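Novice: First the structure, then my questions, so here it is.
The values are calculated or read from the model by the stated rules, or taken from the named source; none is laboratory data. Quick caveat: nothing in here was measured; it's all calculated off a predicted structure. Neighbour counts are summed over all protein chains in view; Cβ atoms, including those assigned to glycine, are modelled from backbone coordinates with ideal geometry. What goes into the accessible areas is simple: the full protein's heavy atoms, side chains included, and nothing from ligands, DNA or RNA. Shrake-Rupley method; radii C 1.70, N 1.55, O 1.52, S 1.80 Å.
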Amino acid sequence: MENQENKKRMLSGIQPSGDLHLGNYLGAVKNWDEMIDQFDCYYFMADLHSITVRQNPADLRRRSKTQLAQYIASGLDPEKCTLFIQSHVHEHAELGWILNCYTMFGELSRMTQFKDKSAKNTENINGGLFTYPALMAADILLYQADYVPVGEDQKQHCELTRDVAIRFNNIYGETFKVPEPFIPKVGARIMSLSNPVSKMSKSDPAGCVFVMDKPEDIARKFKRAVTDSDTEHCVRYAPKEKPGVSNLMQIYSSVTGKTLEEIEKEFDGQGYGALKPTVGDAVIESLRPLREESERILADKAYLESVYTEGAQKATYVARKTLRKVYKRVGFVEKPF
Ligand code: ATP
Ligand code: LTN
């Protein structure tokens with residue numbers, strides 16, 4: 001990892017609270033590997049974030065490792081970027097607490113992810129779910145990241161991170177780099193196949209295609225994809241009037257690299273019936289190598305452990321440096337040992 005010092009830094013994470021799905025892949029992971037040569041990249045499994053919703057411990061452990069295998073299988077070469085598990089770098093929890101004290105109740109109350117998740121989990125609206133964006137700000141600011149590649153739904157959290165960084169810098173002097181979100185043009189918001197007006201999410205398995213799904217399951221999900229009940233029946237990109245078809249077009253565009261205009265031309269004169277299996281097949285073929293490679297890596301436990309051990313060591317080195325500076329700035333007595 002030579003010359004990383006001169007590169008801009010990029011950081012992102014995904015919660016291992018469910019299996020990786022097409023939305024996570026197209027909106028986030030797929031775009032990450034294009035950056036690893038150009039940027040100094042840090043990608044992690046956000047396990048501390050996951051427990052804001054109750055998890056089965058064995059599943060959480062398994063999914064964190066599976067997600068790491070999927071990162072590597074998608075092209076995130078551990079020799080070129082830093083891959084780690086969030087809870088292995090305790091500086092996240094420490095800076096998270098500090099930033100809680102610089103994040104306002106009103107700001108947290110406006111977060112749509114909090115509103116959505118608390119509406120879905122009425123029996124467990126815990127403090128962590130509410131203060132989650134302060135931990136996310138800590139994740140980002142610890143590494144002095146320049147860019148944060150995420151899907152559209154995380155834009156609000158990235159903006160809050162910027163506000164908190166600016167607030168802290170204004171009080172104590174330049175401490176944090178103010179980061180920018182990096183949102184892909186296509187694929188930033190993949191919608192559910194069964195309900196194309198809400199985003200594809202692991203909590204809706206029928207409308208959600210998982211990276212590890214078998215080809216026949218993916219084909220079935222696309223065959224049953226809800227399209228639109230308009231009379232026009234032609235394949236045209238119009239997210240408001242034709243959310244179902246537009247979503248399929250977005251997915252097709254993301255996995256093949258074809259533009260939306262090219263796709264309209266390809267299906268000129270054909271109905272939705274032709275679009276669904278074509279998109280399904282394209283998704284199957286683009287996920288197949290990813291699934292097979294993930295399974296192969298997952299079977300090599302010693303290798304995976306070496307990746308997350310080395311990743312945590314590299315991440316800790318950078319995180320420690322920022323946290324030390326923050327402790328000094330806020331007035332904590334220097335630890336003598
Ligand atoms: P869910 O709603 O499924 O619980 P989440 O928002 O908790 O999802 P994460 O797994 O934490 O999902 O998200 C990881 C990354 O995937 C983030 O960058 C997020 O923006 C992106 N992402 C999640 N869902 C979608 C989607 N439907 N379309 C595009 N990007 C998405
Ligand atoms: N909040 C994000 C996951 C996440 C993240 C981060 C993304 C946690 N920390 C830091 C980018 C940078 C989510 O729910 N998708």
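Novice: Quickly rank 225-231, 250-256, 21-27 as a protection proxy: mean count of other C-beta atoms within 10 Å, highest first.
Specialist: Descending packing order for the listed peptides: 21-27, 250-256, 225-231.
Novice: How big is the dipole moment of segment 261-302 about its Cα centre under a simple scheme where the beta carbon of each Lys and Arg is +1, that of each Asp and Glu is -1, and everything else is neutral? Debye, nearest 20, please.
Specialist: The dipole magnitude comes to about 320 debye.
Novice: Hey, rough spin-label estimate for SER118 and GLN313, points 7 angstrom out along Cα→Cβ, what's it come to in nanometres?
Specialist: 4.3
Novice: With Cβ to Cβ distances under 12 Å as the rule, what net charge do the other residues near GLY128 carry (K, R +1; D, E -1)?
Specialist: That works out to +2.
Novice: Restricting to the chain, compute how many DSSP beta bridges are antiparallel as a %, nearest 5.
Specialist: That works out to approximately 10 percent antiparallel.
Novice: How would you rank 152-161, 281-290, 103-112, highest first, on the average number of other Cβ atoms within 10 Å across their residues?
Specialist: 152-161, 281-290, 103-112
Novice: How about segment 13-92: which trypsin sites (Lys or Arg not before Pro) there are in a DSSP loop, with at most 13 other Cβ atoms within 10 Å of their Cβ?
Specialist: In loop regions of segment 13-92 (DSSP not H, G, I, E or B), the sparsely surrounded trypsin sites (Lys or Arg not before Pro) are ARG54.
Novice: Given a 1.4 Å probe and every protein chain left where it sits, what share in percent of the accessible area of the chain is carbon and sulfur?
Specialist: 52
Novice: Under the rule of -39500 (n - 2.57) per DSSP H run of 4 or more residues, summed and divided by the residues of the chain, what mean residue ellipticity at 222 nm is obtained, to the nearest 500 deg cm²/dmol?
Specialist: Mean residue ellipticity, 222 nm, calculated: -16000 deg cm²/dmol.
Novice: Separate question: What is segment 1-88 by shape, rounded, prolate or oblate, if you read a ≥ b ≥ c off the alpha carbon gyration tensor as root eigenvalues and call it rounded for a/c under 1.5, prolate for a/b larger than b/c, and oblate otherwise?
Specialist: Prolate, because a/c is 1.5 or more and a/b exceeds b/c.
Novice: Over all pairs of distinct alpha carbons, what does the Kirkwood formula give as the hydrodynamic radius of the chain, in Å?
Specialist: Value: 21.1 Å, from the Cα pair sum.
Novice: Shifting gears a bit: Quick one: net charge of GLN86's neighbours, Cβ under 12 Å, K/R +1, D/E -1?
Specialist: -3
Novice: Given labels modelled 7 Å from the Cα in the Cβ direction, how far is it in nm from ILE166 to ILE51?
Specialist: Going by the 7 Å Cα→Cβ label model, 3.4 nm.
Novice: Also, I was wondering about something else. Find which of THR175, CYS158, MET249 sits farthest along the positive direction of the dipole of the chain, computed with +1 on the beta-carbon of Lys and Arg, -1 on that of Asp and Glu, about the Cα centre.
Specialist: THR175
Novice: Quick one: net charge around GLU159, please, counting Lys, Arg +1 and Asp, Glu -1 for every other residue with C-beta under 14 Å from its C-beta.
Specialist: -1
Novice: To the nearest 20 Debye, how big is the dipole of segment 1-100 about its Cα centre, given +1 on the beta carbon of each Lys and Arg and -1 on that of each Asp and Glu?
Specialist: It works out to roughly 400 debye.
Novice: Please compute the per residue accessible area over the chain with all protein chains in place, 1.4 Å probe, rounded to a whole number of Å².
Specialist: Counting only protein heavy atoms, the per-residue value for the chain is 48 Å².
Novice: Just grab the label-to-label distance for GLU79 and GLU174, each label 7 Å out from Cα along the Cβ direction, in nm (one decimal).
Specialist: Here the answer is 3.6 nm between the modelled labels.
Novice: What does the highest-first list of 171-179, 117-125 look like by mean Cβ count within 10 Å?
Specialist: Packing order, densest peptide first, comes out as 171-179, 117-125.
Novice: When the chain is fully extended, how far beyond the present Cα-Cα distance does ASP268 get from LYS325, taking 0.36 nm per residue of separation?
Specialist: Extra length available between ASP268 and LYS325 comes to 14.5 nm.
Novice: Rg and Dmax in Å for segment 297-337, alpha carbons only: what are they?
Specialist: So, for segment 297-337, Rg and Dmax equal 15.9, 47 Å respectively.
Novice: Moving on. Can you tell me which lysines have their Cα less than 17 Å from the Cα of LYS325? Leave out same-chain residues fewer than eight positions away.
Specialist: Partners found: LYS177, LYS335.
Novice: Here's a follow-up. Charges at C-beta only: +1 for Lys and Arg, -1 for Asp and Glu. How large is the resulting dipole of the chain about its Cα centre, in Debye rounded to 20?
Specialist: For the chain, the charge dipole is close to 920 debye.
Novice: Kindly count the pairs of lysines across segment 181-250 whose alpha carbons are less than 24 Å apart, treating pairs on different chains or eight or more residues apart as eligible.
Specialist: Count of close lysine pairs: 19.
Novice: Taking each pair of different alpha-carbon atoms in segment 260-323 once, compute 1/r for the pair, average those values, and report the inverse of that mean as the Kirkwood hydrodynamic radius in Å to one decimal.
Specialist: Computed over Cα pairs of segment 260-323, the Kirkwood hydrodynamic radius comes out at 16.0 Å.
Novice: Mind checking the full-extension length gain between ALA302 and LYS185? Use 0.36 nm per residue of separation minus the Cα-Cα distance, one decimal, nm.
Specialist: 38.4 nm
Novice: With a ≥ b ≥ c taken as the square roots of the eigenvalues of the C-alpha gyration tensor of segment 211-264, please select rounded if a/c is under 1.5 and otherwise prolate if a/b is larger than b/c or oblate if it is not?
Specialist: oblate
Novice: Here is a further query. So what's the gap between the Cα centers of segment 115-152 and segment 275-318, to the nearest angstrom?
Specialist: Cα centroid of segment 115-152 versus Cα centroid of segment 275-318: 24 Å apart.
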